[in-house]
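In what follows, a structure is listed as C-alpha cells, so that the remarks can point back to it.
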Amino acid sequence: MNSPQAQINVASGPRSPGLRTFKSALRVWLPVLLGFIILSAAVWVLHRELQAIHYQQLRAAVASLSGLQILAALALTSVNFLVLSGCDQLAFAYLRSPVNRWRVSVVSMISYALSNSVGFALLSGTSIRHRFYTRWGVKTADLSRLVMFVATIPWLGLLSVGGFSLLANPQTYQAAGALLTAGGRGLGVVLLVPVLGYLALSVLRRRPVRLHGFEFRIPSPSLVCGQWLVSVLDWTLAAAVLYSLLPAGGPDFGLVLGAFVAAQMLGLVSHVPGGLGVFEGTMLLLLGGALPVDELLAALVLYRLVYYVLPLAAALILVLVDEVRARRAMMTRLGQSLTSMSIQLTPRILALMTFLAGALLLVSGATPAIHERLHWMAGWLPVDLFEASHFIGSLVGVVLLLLSQAIARRIQLAYVGVVAALIAGILVSLLKAGDWEEALVLSALLLALIPSRACFDRQAALFDTRFSPGWVLSILATVGGSIWLGFFVYRHIDYSNSLWWQVALNKDASRFLRASVGVAVFLAGFGGWRLLRPRPQVAIAPSAAELTAAGRVIATQPETLPYLVYLGDKALLFNEHASGFVMYGIQGRTWAALGDPVAQAAEVPGLIRAFIERADDYGGLPVFYQVRPTNLHYYADLGLTFAKLGEEARLPLADFSLEGRQFRDLRSVMNRMERDGMTFRVVEAASVPALLPQLRAVSDDWLAHKSVSEKGYSVGYFDDSYLSRQPVAVLEQDGRIMAFANLLLGPGGQELSVDLMRFTHDAPNGAMDGLFTQLFFWGKAQGYAWFNLGMAPLSGIEPSPLPNAWSRIGRLVYGYGEVFYNFEGLRAYKEKFRPVWEPRYLAYPGGLALPLVLADIAALSAGGYLRIFR
C-alpha cells in the first residue's frame, strides 16, 4: 500500500524473460545432469566389473565374512560417530556457549547419521540441530554460525587425507588412468592449499567475514586445529570400517584410505544421497585390481549396512521417541503453534524410509526367492498366488517411491496411501516366498508411521505438486538399478521368448521379467499422465466467498494493508479454519506474499510455513514483501533471510496540529485553499458509486498527464468495485472534484491510510498537501491513532563497517537513482509531516535470488516486465 509517489519500479535490466528462465533452469538442472553423468559412469563400472561374477558368488562372499569382522566394523562405526560428536562440541566452544556435553553429543550423532544417508548435509543436518538447539535456547544467529562452523569440518579432513595420500603415493590411483597418476603429486598440493589457506586465515585475520549479509567470525588457530584433527580422524575411522570388512591379504590401509577419499569426493560432487552407487563404482575401479571383485563388493554391501543403514535406523528411533515426548510437553507448555514447529523434520525422515522401503521391494523382485521356503509353502498354496504376489510386490515398490515425495510434503492422502501400500507389501512379502525379513522391515516402518499421524495435516492433492529434479533422478536410478540387478543375477540364463510365459516355482527369471515390465509400464503411464493432464492452477483470483471470509479476518486486526485483497489481483491461501490468510501473486518463479500473514499472532508461523510449502510444491521461490520487524524471527526459523526494502512513515494523530515553525508551509497551503474556494469532504462508501464518473475523469486526467499506467499488487488501481468498498475523500472547487483519495479505515480505529490518490492537471498547487492535512484532522476527529503514509523505498539503509552487497546497492541507488525514481524526494515529502519511521523487509530464500525476486515483484506491480519501463 503506497501512494502513487511511492510506487516502486525495481528493474533487473533489459534481459528478456526467456533468457532469465533459461538461466534459472540451467542452475537447477546442471548439477542434476552432472550427478546423472557421474552416477551413469559408476553404474557402467559396476556393470563391467560384475560381468564375471555370479549372484551365488556374491552371496557366498557376504556369508564368508566372519562375526569378528562385523563386530570390528560396528565398534569402529561407534567410535567414528563419537569422534563426529566433537564437531558440535567444538562449535559450542567457538560460540563460547556452555552446554550439556552429553546432549550435544547425541544431537550431533543423530545429525550425521541422517546427513550421511540422506545427503544434502547442510539441509538435513541443520534441521536436526535446529530442532534441538533452538529448544535449548540457542539463538537463530548463533545456530547459523554453528552450522557454518560444522560445515567446514568434513572438507578439512577430506582434502587433507586426499592430498597427503597423493603426495605419499601418487600411484594410488593408477587404475583411474595415467593422466591422474602423472599429476598425482600436483593434485595433492592443490587439495592441501585450501586447508593451509584456512589455517593462515585464522592466524592473520582478526575481523569477521561478512557473506550475503551474514557475519562469521574466523575461528582461532586452536579451534581450526581441532576441526582439522576431528575431520582427519573421522575420515580415517570411516575408511577403517570398510578396511575391517575386507579379506585378509588385501591391499594395505594407506591404499584403501586414498581410494576411499577419492570415492567419497565423487559421491559428494554427484549430489546422489549417500553417494549410493557412485561410491561403490569408484571403489571397484580403484581397488578392483587388488582384490577379487566379489569379495570387495561383499565388503561394500556390508559397509553400506553397518555405516549408513544401522545409524540411520537408530537416529530415526531417537527422533520418533523425542517427537512423542516433545509433542506432549509442548502441548502443555507452549501451545499448538510451537508443536507444529517441532514436527517439521519427522515427515522428511519417514519419506526417506518410505523411499528405501520401495527400493527394497524392487530389489526383492529382481532377485531369486529362497527356494526352500518356496517349496515348503507350495504344499498348501497355489503357484499362481506366488506369481501374483511377486508381481504386486514390485508394483507396490514403485508406488512407495512415488508417494515418498508427498510424504515429505506432509500430504494427508499420501500418509493413507503409504500405510495401505505397506500393509499390501507386508502381505505379498510373506506370500511370495515367506520373506519374513522383508515383512519385518516394512512392519517397522508402518509402526513408525502410525504415531506420526498428526504430522500429515496438509489437504493438498496427491500429485498436483511437482517432482523435483532430485526426486526424478532418484526414482529413475532406483528403478533402473533394480532392473540392472535382475539382469546381472540372471545373466547366465539364455534369453528366449518363452521366458515371459513360464510359470513354475523355479522360474525366478520369468517372474523378474514380468515384474520389471509391469514396473516400467506403470512408471511410464504415470509420467505420461503427468505430462498430458491439464496444468493445475496455482494462483486463482479470489471468489466472492473467499473475499467475504478474508473480510472477517481483516476485521480482527488493526492494519490497513490487508484491504488490498479487495483488488482481486492476488490469490489467497487460508489456514485450516479460515481464521487467517496470505495474499500473494506469482511472477516467474517468484511467489510473492504481500505483507505478513493476516491472522492472530499465534497463527502467523503456521501460515508462513504453509505458504513456503505451497510455493515449494510447484518449484517456486517463496518471498514475503513488506514484512514488519516484529515477525522476522518466524521467517528466520524457516530458513529465510532478509533485505531491508525501506521505511514506512506512520503519523501519530492524537497530538497532531499545525502549530510551530515546522508546519508553516502547511498552514500557508491551508490558507491558500480557503482563499481559492477549495472544500474538503469525506464521501461515505454508500454514496461513492454515484461519484464514480467524476472520479474516473480525475483519474484519467492524472494518468494522461503523468504518462503512467495503472499498477497493481502492492498499490491500488481504479476499479469501481474496489473504490466503492470504503469512503473517498475529495477536494472540490466550484462543485468540481479536483483531487480524491480512497480511504482505508483500519478496524478498531487504530490506523487510517489512503491508497489511490489522484488530482487533475489544473488543480491548485499544493492540493495534495492540503488533502493530506485535512485527512489528518479528520482522522484525529474520528479517533484514529495513526495515519499510514506508506513506504519510502530504500530509505534508512545505513552504512556499516561491514556492509553487505544489498546495503551497498540500496544506498547507491537511493543516492544516485533520481533519474529513474525520486527516492530522496519521496522521503523528504513524507518527512515534512514529522512521521515515525518503521523499517520494512523482504524475506526471501537467500543466495543470488534477490535481483530476480525484485524484478519479478516489480513486474507484478507493473503488470509485466515490459511495462516496468513504460
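Taking residues in the range 470-490 that are farther than 17 Å from Gly393 by Cβ, and partners anywhere that are modelled with pLDDT of 80 or more and of a type in the set (Phe, Trp, Tyr), the pairs with Cβ atoms closer than 8 Å and at least 6 places apart or on different chains are Ser474/Phe355; Tyr490/Phe512. Just the residues that are crowded, with 19+ Cβ neighbours inside 10 Å and either free of Cβ contacts under 8 Å to residues at least 40 places away in the same chain or farther than 30 Å from Tyr618 by Cα (or both), please, taken from the range 411-423. Once the filter is applied, which keeps residues that are crowded, with 19+ Cβ neighbours inside 10 Å and either free of Cβ contacts under 8 Å to residues at least 40 places away in the same chain or farther than 30 Å from Tyr618 by Cα (or both), the range 411-423 yields only Ala421. Selection of the range 769-786 for residues being among the small types (Gly, Ala, Ser) and open to solvent by 10 Å² or more (accessible area, probe 1.4 Å) yields Ala781, Gly783, Ala785. Considering the range 85-109, the residues that are open to solvent by less than 10 Å² (accessible area, probe 1.4 Å) and of a type in the set (A, V, I, L, M) include one that is nearest to Gly137 (Cα to Cα), namely Val104.
Just a yes or no: is a residue in the range 230-253 modelled with pLDDT of 85 or more, farther than 28 Å from Tyr308 by Cβ, surrounded by 15 or more Cβ atoms within 10 Å (Cβ to Cβ) and among the aliphatic types (A, V, I, L, M)? Step through it out loud before you land on a result.
Step one: filter the range 230-253 for residues modelled with pLDDT of 85 or more, giving 230-246, 253.
From the residues that got through so far, the ones that are farther than 28 Å from Tyr308 by Cβ too are none.
The answer is no, given that none of the residues of the range 230-253 is modelled with pLDDT of 85 or more, farther than 28 Å from Tyr308 by Cβ, surrounded by 15 or more Cβ atoms within 10 Å (Cβ to Cβ) and among the aliphatic types (A, V, I, L, M).
Only one of Gly157, Gly177 is more than 30 Å from Tyr634 (Cβ to Cβ), modelled with pLDDT under 70 and not acidic (Asp, Glu); which? Please lay out each step first, then the result.
Details: Gly157 fails: modelled with pLDDT under 70.
After ruling out the rest, the residue left standing is Gly177.
Checking the conditions here, which among Ile370, Ile392, Ile450 is farther than 30 Å from Trp500 by Cα and of a type in the set (Val, Ile, Thr)?
Details: Ile370 fails: farther than 30 Å from Trp500 by Cα; Ile392 fails: farther than 30 Å from Trp500 by Cα.
Of the residues listed, the single one that is farther than 30 Å from Trp500 by Cα and of a type in the set (Val, Ile, Thr) is Ile450.
Is the range 390-410 home to any residue that is among the aromatic types (Phe, Trp, Tyr) and either open to solvent by less than 20 Å² (accessible area, probe 1.4 Å) or touching a strand residue (DSSP E or B) at 6+ places or on another chain (Cβ under 8 Å) (or both)? Looking for residues that are among the aromatic types (Phe, Trp, Tyr) and either open to solvent by less than 20 Å² (accessible area, probe 1.4 Å) or touching a strand residue (DSSP E or B) at 6+ places or on another chain (Cβ under 8 Å) (or both), one finds none in the range 390-410, hence no.
Which residues, taken from the range 659-676, are open to solvent by 40 Å² or more (accessible area, probe 1.4 Å) and assigned to a loop (DSSP other than H, G, I, E, B)? Matches in the range 659-676: Glu659, Asp676. The residue that is farthest from Gln412 (Cα to Cα), counting only those in the range 464-502 that are β-branched (Val, Ile, Thr) and not in a loop (DSSP other than H, G, I, E, B), is Val489. For the range 836-848, the condition of being in contact with a helix residue (DSSP H, G or I) (Cβ under 6 Å, 6 or more places away or on another chain), modelled with pLDDT of 50 or more and in a helix (DSSP H, G or I) holds for none of the residues. The helices (runs of 4 or more DSSP H) found entirely in the range 250-316 that carry 1 or more residues being among the small types (Gly, Ala, Ser) and over 21 Å from Gln69 (Cα atoms) are 253-270, 278-287. Within the range 819-835, restricting attention to residues that are aliphatic (A, V, I, L, M) and out of contact with any helix residue (DSSP H, G or I) (no Cβ under 6 Å at 6 or more places or on another chain), the residue that is modelled with the highest pLDDT is Ala828. Exactly one condition in (1) open to solvent by 70 Å² or more (accessible area, probe 1.4 Å); (2) part of a helix (DSSP H, G or I); (3) at pLDDT below 90 is false for Gly528; which is it? Going through the list (1) open to solvent by 70 Å² or more (accessible area, probe 1.4 Å); (2) part of a helix (DSSP H, G or I); (3) at pLDDT below 90, Gly528 breaks only (1).
Of these, Ala248, Ala239, which one is over 20 Å from Phe488 (Cα atoms), in contact with a Phe, Trp or Tyr (Cβ under 9 Å, 6 or more places away or on another chain) and of a type outside the set (S, T, N, Q)? Quick ask: steps written out before the conclusion?
Values: Ala248 fails: in contact with a Phe, Trp or Tyr (Cβ under 9 Å, 6 or more places away or on another chain).
The match here is Ala239.
Take the residues in the range 358-389 that are closer than 16 Å to Asp508 by Cα and modelled with pLDDT of 85 or more, then tell me which one is surrounded by the fewest Cβ atoms within 10 Å (Cβ to Cβ). So, considering only residues that are closer than 16 Å to Asp508 by Cα and modelled with pLDDT of 85 or more, the one surrounded by the fewest Cβ atoms within 10 Å (Cβ to Cβ) is Ala388.
Counting residues in the range 644-664 that are farther than 30 Å from Gly766 by Cβ and among the hydrophobic types (A, V, I, L, M, F, W, C) gives zero. Yes or no: Phe487 of a type outside the set (A, V, I, L, M) and open to solvent by 30 Å² or more (accessible area, probe 1.4 Å)? Answer is yes for this residue.
Within the range 690-732, the set of residues being among the aliphatic types (A, V, I, L, M), outside any helix (DSSP H, G or I) and open to solvent by 30 Å² or more (accessible area, probe 1.4 Å) comprises Val708 only. Examine the range 478-487 for a residue that is closer than 30 Å to Ala539 by Cβ, of a type in the set (Val, Ile, Thr) and within 27 Å of the chain's Cα centre (by Cα), and state whether such a residue exists. The answer is no; no qualifying residue exists. Looking at (1) open to solvent by 70 Å² or more (accessible area, probe 1.4 Å); (2) modelled with pLDDT of 80 or more, which one does Tyr495 not meet, given that it meets all the others? Among (1) open to solvent by 70 Å² or more (accessible area, probe 1.4 Å); (2) modelled with pLDDT of 80 or more, the lone unmet condition for Tyr495 is (2). Restrict the check to the range 435-448 and report whether at least one residue is at pLDDT below 80 and out of contact with any strand residue (DSSP E or B) (no Cβ under 8 Å at 6 or more places or on another chain). Looking for residues that are at pLDDT below 80 and out of contact with any strand residue (DSSP E or B) (no Cβ under 8 Å at 6 or more places or on another chain), one finds none in the range 435-448, hence no.
Can you say whether Ala299 is closer than 26 Å to Leu159 by Cα, surrounded by 20 or more Cβ atoms within 10 Å (Cβ to Cβ) and modelled with pLDDT of 80 or more, as far as the supplied structure shows?
Judged against the criteria, Ala299 is a match.
The values are calculated or read from the model by the stated rules, or taken from the named source; none is laboratory data. Predicted model, so just to flag it, every value in this text is computed and none were measured. Here Cβ is always computed from backbone atoms with ideal geometry, including for glycine, and neighbour counts include all displayed protein chains. Only protein heavy atoms, including side chains, enter the accessible area calculation; ligands, DNA and RNA are left aside. Shrake-Rupley method; radii C 1.70, N 1.55, O 1.52, S 1.80 Å.
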